[in-house]
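Working notes, structure below.
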Amino acid sequence: MAVEKLFKDEATEEKGERARMASFVGAMAIADLVKTTLGPKGMDKILQSTGRGRSVTVTNDGATILKSLHIDNPAAIVLVDISKVQDDEVGDGTTSVVVLAGELLREAEKLVNAKIHPMTIISGYRMAAECARSALLEKVVDNKQDAEKFKSDLMKIAMTTLSSKILSQDKEHFAKLAVDAVMRLKGSTNLEAIQIIKKPGGSLKDSFLDEGFILDKKIGIGQPKRIENAKILVANTAMDTDKVKIYGARVRVDSMSKVAEIEGAEKEKMREKVQKIISHGINCFVNRQLIYNFPEELFADAGVLAIEHADFDGIERLALVTGGEIASTFDNPESVKLGHCNLIEEIMIGEDKLIHFSGCEMGQACTIVLRGASSHVLDEADRSLHDALCVLSQTVNDSRVLLGGGWPEMVMAKAVDELARKTPGKKSHAIEAFSRALLAIPTIIADNAGLDSAELVSQLRAEHHKEGSTAGIDVISGSVGDMAELGISEAFKVKQAVLLSATEAAEMILRVDEIITCAPRRREDRM
């Protein structure tokens, strides 16, 4: 007996071939969408939101593009997810990971059509990924011991990361900024201590690294503009109680003098609070909330610099950088940890005044000030620099380095090809397909630069058959070049993450044989 209907009216299901078709097509469409942003000659995308304000983002960062898309296809959502994870985990390679997963699925589709079972393809891919990873491990270079070489490695990695971004024109300048900032962290991957301030105006070349902490606020009126040997209390407390703060309280008075008494009492309360704060022996008070004129006046009389409305980011970072803690009650001064720094002064950047803290407790802290023509340029520069900083901070911990420019893909493809020849059975087809998918990355890099990719990749393949070859695609001259001479390097951690995430994602999508879309729950049923 046949079941007439299992699901509700609006639910749909796709089975077998059709389900697999839908997932392949969705995943490949996503890969094709971002693949034009790959490589040094990759193009940017404009993303415009349809919401209020119609905000526009110009970017070529794979994760940013995919994050902003609203996608219906379930397989495509898996790819968006892996690019997000890649962004959080290592910061760079977000486009590569999606493109590689897309290519693996494209190859898998051909194999499925040739009647090879998805599980066979998956086990072949597994073997190939393992083989590719060990091929890379044999070729890594590790210069952790030699500080000079290691620093030049970091510079090369930063320049390679930045060369596919908007900062590629001044990549040496920005690579230096990024390397200096990360070297100050001394091996911690906490990028909180590096603050990036964006100020429109000037050109990207005017960006600089400042060795202290810059707070984007102005100094209050009649307060000292410069404090040496500062003791800082970072607080999150209300300094605006000139009014009765009990909501809905009604006070009946029978003459104006009584109103004056109430106001006087409130002022006294405020004055006591200010006295308590000053009694911590501080000369700088930073508050997250407003500070009204009266307490500000009291602080000014005591020679304390009071900064109001330092946003949440600001006070969290300030506390981190100056070694203080955020306080909200001031009754026992001995338990409050104050922050210290050598000098607080007001500086000008462009048209704006900012407050500069130098000689902070935590030597790691620094601020990168980005200048640029417009807010879009600055946002994109910020994303690019953030990618570079992530990659560098990961590389400082895991200092294994590879060459770039399609070289790692060629090395992996060669090893995987050899494995395919040794492997008996249908798996060998899957392993071969894996090596073809790896070759797609250098092919796309060449295509995006408008070069003849078939010609270049076959030349590369021939070069790589020689032992210890360092050949890769030199996009600038449009030929096969020596990556070691050109100084194009990538972090091993990024490549490994790309390889493993892409394989796992492709594997997950391959396992699908049925897609069930459920009916939306009706609202009116509850009435």
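The values are calculated or read from the model by the stated rules, or taken from the named source; none is laboratory data. Only a predicted model underlies this, so the values are computations on that prediction, with no experimental measurement involved. Cβ placement follows ideal geometry from the backbone for every residue including glycine, while neighbour counts extend to all protein chains displayed. Keep in mind that these areas ignore ligands, DNA and RNA; they rest on the heavy atoms of the full protein, side chains included. Shrake-Rupley method; radii C 1.70, N 1.55, O 1.52, S 1.80 Å.
Side notes on the structure shown:
- The residue 225 and residue 289 beta-carbon pair, evaluated with R₀ = 30 Å, returns a calculated FRET efficiency of approximately 0.85.
- Taking the C-alpha atoms only, the angle from helix 407-422 to the longest principal axis of the chain is near 40 degrees.
- Within the chain, percent of DSSP bridges classed antiparallel, to nearest 5: 70
- Taken over segment 376-527, lysine pairs spaced eight or more positions apart, or on distinct chains, with alpha carbons under 18 Å apart number 4.
- A P(r) calculated from all alpha carbon pairs of segment 80-213, with 10 Å bins opening at zero, reads 9, 26, 32, 18, 11, 4, 0 percent.
- Principal semi-axes in Å for segment 251-334 [√(5λ), Cα gyration tensor, largest first]: 30, 14, 12
- Two-decimal Rg/Rh across segment 366-487, once Rg and the Kirkwood Rh are taken from alpha-carbon atoms: 1.09
- Computed FRET value (nearest 0.05) for residue 211 with residue 236, which takes r as the C-beta separation and R₀ as 25 Å: 0.40
- A straight Cα-to-Cα reach below 23 Å connects residue 5 with the lysines 15, residues fewer than 8 places away in its own chain not being considered.
- Using only alpha carbons, the chain has a radius of gyration to Kirkwood radius ratio (Rg to Rh) of 1.10.
- Descending Cα extents along the principal axes, segment 298-354, whole Å: 42, 28, 23
- Segment 96-166 shape via C-alpha gyration tensor axes, a/c threshold 1.5: oblate
- Span from the segment 466-490 Cα centroid across to the segment 262-301 one, whole angstrom: 64
- C-alpha long axis of helix 492-510 to longest principal axis of the chain, angle in °: 70
- Heavy atoms of the protein chains alone define the surface here; on that basis segment 383-482 has 38 Å² accessible area per residue at 1.4 Å probe size.
- Percentage relative contact order, segment 269-384, counting C-alpha pairs under 8 Å, at least six apart: 18
- With bins 5 Å wide beginning at 0, the percent of Cα pairs of segment 202-242 falling in each bin runs 5, 11, 14, 25, 17, 11, 10, 5, 2, 0.
- Summing Cβ point charges (Lys, Arg +1; Asp, Glu -1) relative to the Cα centre of the chain gives a dipole of roughly 800 debye.
- Longest site-free stretch - the chain; sites: chymotrypsin sites (Phe, Trp or Tyr not before Pro), DSSP loop, at most 14 other Cβ within 10 Å: 248-527
- Three semi-axes of the equivalent ellipsoid, segment 39-155, Cα gyration tensor, whole Å, largest first: 30, 28, 11
- Whole-angstrom gap from segment 157-180 to segment 10-69, using each part's C-alpha centre: 26
- Semi-axes of the equivalent ellipsoid for segment 383-442, Cα gyration tensor, largest first, Å: 32, 12, 10
- Helix-only arithmetic for the chain: the sum of -39500 (n - 2.57) across DSSP H runs with n ≥ 4, divided by the residue total, places the mean residue ellipticity at 222 nm at -16000 deg cm²/dmol.
- 4 °C / 1.567 mPa s Stokes-Einstein diffusion coefficient of segment 155-218, Kirkwood radius on C-alpha pairs, µm²/s: 100
- With both labels modelled 7 Å from their Cα along Cα-to-Cβ, the residue 22 to residue 10 distance reads 1.6 nm.
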